[in-house]
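Worksheet: the structure to be examined is printed underneath.
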Ligand SMILES: [Zn+2]
């Protein structure tokens, strides 16, 4: 009985100890506190609050001693630019980019409110919209720079800029797209860019050297209307369905390559039907005995940088929506496919790109491992900078983390976040002290 009580006491002490020690590691580490503060700003579309997080980031920059300015190319769409001057400002600079906004969240589908930054004392998981995409990297950049300045007394040779931009999640047209066209951007003389990546479910960090370019494709068919009982050629529905069949075949040909393991999802052209519109509405649904004279369909098309856009345009004009079948089409290009010199929008990941070697080495020396460089299946703001011919890598150091961007219950573990700060310390110090051997 006495021994039993003693054991119980020890157990209680052990629980108490583990509770306070874990409580400490979760609550009292300032980088985590600052990360949670940033996560609590509701920057979700359609009405992102940009003012408050920008003020917060400015106060962070001030506490480290960084220069700051905000630019506004479109009213109420601020771009925050923080600068850490290097000892040789004539050298091309390093730009660390992240976006301020996030996609919406449905609070009732979440186990914790999406802008509460709930931090589980048991698991260390921090739940918030934006915790992976991509508020983590903004704070990790700043925490890494803070440590380099205040703890390690590190002095960069190249100037380091941190940009926090609006509207990435809705295409970046009023954000990064405007920024890269500005004199302010040109004056930064950016030589290399780090932008967001994605979580990795294993030990390796993922790194992205290109995005796929999205096209919105709408095909329209016209034809003579007719009685539902009549068989005739060139009806709008028949024409549209022929096209849908052809597009489906093309889609399968691409998907088969993925299924056979010969390419990643992001390395092929995806064509996914997103809407079909046809029929003559009636009070109870649709008129059933009449063939409509118009029909259309919409497709989400994604082109990897290796695809030839002219070839796809020709395929659309000749096969998917040919005028001889009374069809027309519209392609809405949601961003660039080639850079200003007409080259595919991708950053080289071999030794011919010295930035790549420096980056890779820096990750390794921080104890990290990179997976095989990938093309991102979707898009980021990096494409706008690649369009200018600036090498840009997508990288969010989140290993052993489920991929939860845009998903319910998006979270990042505190230890993963802190490891990321360490990785960026190595990456930022290496990139900013890298000087190309002359001659
Ligand atoms: Zn993002």
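Each value in this text was obtained by applying a stated rule to the coordinates, not by laboratory testing. Remember, it's a predicted structure, so these values are computed and weren't measured experimentally. Cβ: placed from backbone, ideal geometry, glycine included. Neighbour counts: every protein chain shown.
Just a few scattered comments:
- Order by protection proxy (mean Cβ within 10 Å, highest first), peptides 276-282, 205-211, 170-176: 205-211, 170-176, 276-282
- Modelled spin labels at residue 265 and residue 189, positioned 7 Å past Cα toward Cβ, are 4.2 nm from each other.
- Label-point gap, in nm, between residue 353 and residue 111 - each point 7 angstrom along Cα→Cβ: 3.8
- Once divided by 2.2 N^0.38 Å, the Cα radius of gyration of the stretch 208-327 becomes 1.24.
- Debye log10 I(q)/I(0) at q = 0.14, 0.15, 0.18, 0.20 Å⁻¹ for the stretch 45-160, Cα point scatterers: -0.71, -0.80, -1.04, -1.18
- Peptides 187-196, 158-167, 51-60 ranked from most to least packed, by the mean per-residue count of other Cβ atoms within 10 Å: 158-167, 187-196, 51-60.
- The stretch 53-69 and the stretch 260-275: distance between their alpha carbon centers, rounded to Å: 41
- Computed from the C-beta positions of residue 249 and residue 62, the FRET efficiency with R₀ = 60 Å rounds to 0.55.
- In the chain, the calculated helix contribution to ellipticity at 222 nm averages -10000 deg cm²/dmol per residue, counting -39,500 (n - 2.57) for every DSSP H run with n ≥ 4.
- Residue order, fewest to most beta carbons within 10 Å, for 231, 385: 231, 385
- Quarter of Cα convex hull surface for the chain, i.e. mean projection, nm²: 30.2
- Candidates 370, 81, 150, ranked by Gaussian network fluctuation over the chain, Cα under 10 Å, top entry: 150
- Overall dimensions of the stretch 178-222 by Cα: Rg and Dmax, Å: 17.9, 54
- Residues 182, 102, 429, arranged from fewest to most other Cβ atoms within 10 angstrom of their Cβ, appear as 182, 429, 102.
- Look at where the Cα atoms of the stretch 142-170 and of the stretch 315-353 average out, and the two centres are 35 Å apart.
- The length gained on full extension between residue 290 and residue 258, counted as 0.36 nm times the residue separation minus their Cα-Cα distance, comes to 7.4 nm.
- With Cα atoms, 0 to 90° folded angle of helix 135-146 axis to the chain main axis: 30
- Ranking of 149, 126 by count of other Cβ atoms within 10 Å, fewest first: 149, 126
- Of 225, 391, 402, the one that fluctuates the most in a GNM where the chain has Cα springs shorter than 10 Å: 225
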